[in-house]
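Shown next, in structure tokens, is the structure this report addresses.
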Amino acid sequence: MNFITRNGLTAAFIAASGVFALVAAPAALAQNNFSAAASSANASNAPATAGTSGVRIAFVNTDRLLRESNPAKVAQAKLEQEFSKREKDIDDADAALKTATDNFQRDMPTLSDSQRQQRQRQLADMDRDLQRKKGEFQDDLNARKQEELQQILDRANRVVKQIAESQHYDVILQEAVYANQRLDITDQVIQALNAPAK
């Protein structure tokens with residue numbers, strides 16, 4: 001867990017999930033008379049600094065980061081390329097099962113009991129194999145998505161911390177019921193993420 005602290009308030013950043021949260025010591029809360037919380041609730045009427053302590057607050061829209069930043073687009077393209085062949089194999093197996101099922105339904109009136117049972121076993125085996133492949137595919141895809149997502153979030157965390165320190169923000173939030181547009185620094189973070197890595 002990384003911390004950015006100023007004016008008695010601590011912004012706790014949980015790197016694994018990319019979540020920023022406002023954490024304040026009880027003494028700091030008493031001293032500030034909850035001015036940070038009140039200013040956040042009234043962000044539309046308050047400047048970026050709030051209360052008598054001059055707390056600076058910003059907001060980052062993680063959904064936009066994961067949709068619009070170049071690293072996210074590159075990761076998506078990489079995953080599509082990595083998993084496209086397996087996805088096509090599964091689609092082909094799905095189509096083969098459907099065709100075999102349709103053929104069985106069509107042929108069933110002319111089949112003997114032993115032929116019908118044999119075809120049903122074959123269809124059941126095909127279906128089991130297909131479900132296994134789909135499950136493995138989904139598990140592998142989810143694991144790789146999580147790896148790529150974690151790399152993007154780790155880099156975004158470093159960028160957000162640099163912005164917080166260079167621009168003297170006390171708190172940078174990721175989730176908010178409401179955030180005034182002038183508190184949104186998402187464009188800055190996306191621009192920094194899109195810059196070539198140093």
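The values are calculated or read from the model by the stated rules, or taken from the named source; none is laboratory data. Only a predicted model underlies this, so the values are computations on that prediction, with no experimental measurement involved. When we count neighbours, we look across all protein chains shown, and the Cβ atoms used for this are built from the backbone with ideal geometry, even at glycine. We work out accessible area using only protein heavy atoms, side chains counted, and drop any ligands, DNA or RNA first. Shrake-Rupley method; radii C 1.70, N 1.55, O 1.52, S 1.80 Å.
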Would you mention how many residues in the range 94-153 are out of contact with any Leu (no Cβ under 7 Å at 6 or more places or on another chain) and of a type in the set (F, W, Y)? 1
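Looking only at the range 162-186, which residues are open to solvent by 80 Å² or more (accessible area, probe 1.4 Å) and in contact with a strand residue (DSSP E or B) (Cβ under 8 Å, 6 or more places away or on another chain)?
E165, H168, E175
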Scanning the range 65-86 for residues that are exposed (fewer than 14 other Cβ atoms within 10 Å of the Cβ), without any contact (Cβ under 8 Å) to a residue 60 or more places away in the chain and among the charged types (D, E, K, R) gives R67, K73, E80, K85
Please indicate, with yes or no, whether at least one residue in the range 126-140 is in a loop (DSSP other than H, G, I, E, B), aliphatic (A, V, I, L, M) and in contact with a helix residue (DSSP H, G or I) (Cβ under 9 Å, 6 or more places away or on another chain). no
When you scan the range 126-143, do you find a residue that is aliphatic (A, V, I, L, M) and over 19 Å from the mean Cα position of the chain (by Cα), even just one? yes
Would you point out the residue of the range 99-125, among those that are charged (D, E, K, R), more than 39 Å from the chain's Cα centre (by Cα) and loosely packed, with under 12 Cβ neighbours inside 10 Å, that is farthest from F83 (Cα to Cα)? D113
If you check every pair at least six apart or on different chains, which have Cβ atoms under 7 Å apart with a residue in the range 94-109 that is closer than 10 Å to D127 by Cα and part of a helix (DSSP H, G or I) first and a residue that is open to solvent by 50 Å² or more (accessible area, probe 1.4 Å) and not charged (D, E, K, R) second? L97/M126
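Could you run through the range 62-90 and say how many residues are in a helix (DSSP H, G or I) and farther than 29 Å from D127 by Cα?
16
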